[in-house]
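The values are calculated or read from the model by the stated rules, or taken from the named source; none is laboratory data. Only a predicted model underlies this, so the values are computations on that prediction, with no experimental measurement involved. Note: ideal-geometry Cβ built from the backbone for every residue, glycine included; neighbour counts use all protein chains shown.
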Amino acid sequence: MGTVIKNVKLVLPKGKIIRGTIKWDKGKIVSVSEGEILSSVEDQVIDGMDLYLSPGFIDLHTHGGGGYDFMDGTVEAFLKSAEMHAKHGTTSLLPTTLTSTNEELYLMFEIYKIAKSCNHIGASFVGLHLEGPYFSFNQRGAQDPKYLKKPSPEEYIKILDASDDIVRWSLAPELDGALDMGRELCRRKILPSIAHTDAIYEETIKAYQVGFRHITHLYSGMSTIIRRNAFRYAGVLEAAYMLDDMTVEIIADGVHLPKSLLQYVYKFKGPERIALITDSMRGAGMPDGPSILGSVKDGQPVIVEDGVAKLFDRTAFAGSVATADRLVRTMIQVAEVPLTDAVRMMTETPARIIGIDHKKGAISVGMDADLVLFDDNINICMTIVEGNIVYNVL
């Protein structure tokens, strides 16, 4: 038995929207049509009530949500976080680490494997994103400084050998040994990403040349123009715009970046080079108040207020409490971006960045039936993960 959703505004590749019908079977899209299609008497038919139906949202950078963090060391933390994000339209996500002990990291690898094998109701896990510990001290943000270090092959090779689920690793390319590490990541088909960095423009170019093709949370923990001995040097921000093929990700919650910067990034990088990310911590989907960044056992106390998480001394943001629907809504309503481009930055572009665009990120025959139904205000009405309805308020 297949499933049909009719009477929807389909958000298709290349910015096209049509009123139409979609059918999937065994987790794959089998038909996309303008208008209505004839369905079998055995098909389940859903009336989409003239709502938008887009590809499911893909979050390349999230630390958790719903009161849980992926570093908590429990299967429950993975499943409950994925369930919370699915309610906000996310169908695929990359659980993301923080700087930590290697023991915590190895435990996270094992828990991830167990969680991925569970038949859960929530967003699917499409790999791991390691954030740190190879970062600049000056650009550490809310990353715990006691775990920061320079990359050494003796350590990162052991980490890489411990898991075949790593799909991206964020690090500062100016650190001694970082370029060699980047080469090793590329050799293993893992995306090296520039993050929490004091690199100057020239160092960023060298990193790009060895395979660093993505920049983690643009503007957050990042160098720009500086002066050394009276001479000016451009930074990572300037390199991000100069390198046409460099992709970036932004925390489009309206707090990390104001309207002016959201519009600036969109104008100069375009939706084909921008991924929207939540960078959410456990406070996403939870009330304001005290929270913890990182694991319950070893994390840092933070405060959630003003729509964002902050260190208790208010000197830095400590991850976001955003959800994917909020990102899309902010880009449309605050940055004044067309709906099709906002959706593209949450679907097609992130899928291409991590190499899963052959099966996710677009409504097309043969693709995974990862879909989200929403209204004009991007309120999520239904979330479908590989053909399974995991959230429904119709």
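Considering only the stretch 34-54, how many residues are part of a loop (DSSP other than H, G, I, E, B) and either within 22 Å of residue 17 (Cβ to Cβ) or small (Gly, Ala, Ser) (or both)? The qualifying residues number 5.
Evaluate the following for residue 149: is it basic (Lys, Arg), assigned by TED's automatic domain parsing to the domain that holds residue 175 and in contact with a strand residue (DSSP E or B) (Cβ under 9 Å, 6 or more places away or on another chain)? It is false that residue 149 is basic (Lys, Arg), assigned by TED's automatic domain parsing to the domain that holds residue 175 and in contact with a strand residue (DSSP E or B) (Cβ under 9 Å, 6 or more places away or on another chain). I'd like to know if the stretch 216-227 contains one or more residues that are free of Cβ contacts under 8 Å to residues at least 40 places away in the same chain, of a type in the set (A, V, I, L, M, F, W, C) and crowded, with 21+ Cβ neighbours inside 10 Å. No, that holds for no residue. Scanning the stretch 249-261 for residues that are surrounded by fewer than 22 Cβ atoms within 10 Å (Cβ to Cβ) and outside any loop (DSSP other than H, G, I, E, B) yields 259, 260, 261.
Identify all residues within the stretch 32-57 that are at pLDDT below 95 and of a type in the set (Ser, Thr, Tyr); write none if there are none. Correct list: 33, 39, 40. In the set (1) of a type in the set (D, E, K, R); (2) surrounded by fewer than 24 Cβ atoms within 10 Å (Cβ to Cβ); (3) touching a strand residue (DSSP E or B) at 6+ places or on another chain (Cβ under 6 Å), residue 370 fails one condition alone, (2).
Look through the stretch 111-120, keep the residues that are in contact with a helix residue (DSSP H, G or I) (Cβ under 9 Å, 6 or more places away or on another chain) and not aliphatic (A, V, I, L, M), and return whichever of them is nearest to residue 158 (Cα to Cα). Top of the filtered list is 112. Return the pairs, sorted by first residue and then second, in which the second residue is in a helix (DSSP H, G or I) and among the aromatic types (Phe, Trp, Tyr), the first residue lies in the stretch 67-81 and is closer than 18 Å to residue 126 by Cβ, the beta carbons are less than 8 Å apart, and the residues are 6+ apart or on different chains. Close Cβ pairs satisfying both conditions: 70/78; 70/112; 78/112. Checking each residue in the stretch 61-108 for being closer than 15 Å to residue 143 by Cβ and of a type in the set (S, T, N, Q) picks out 96, 97, 99, 100, 101.
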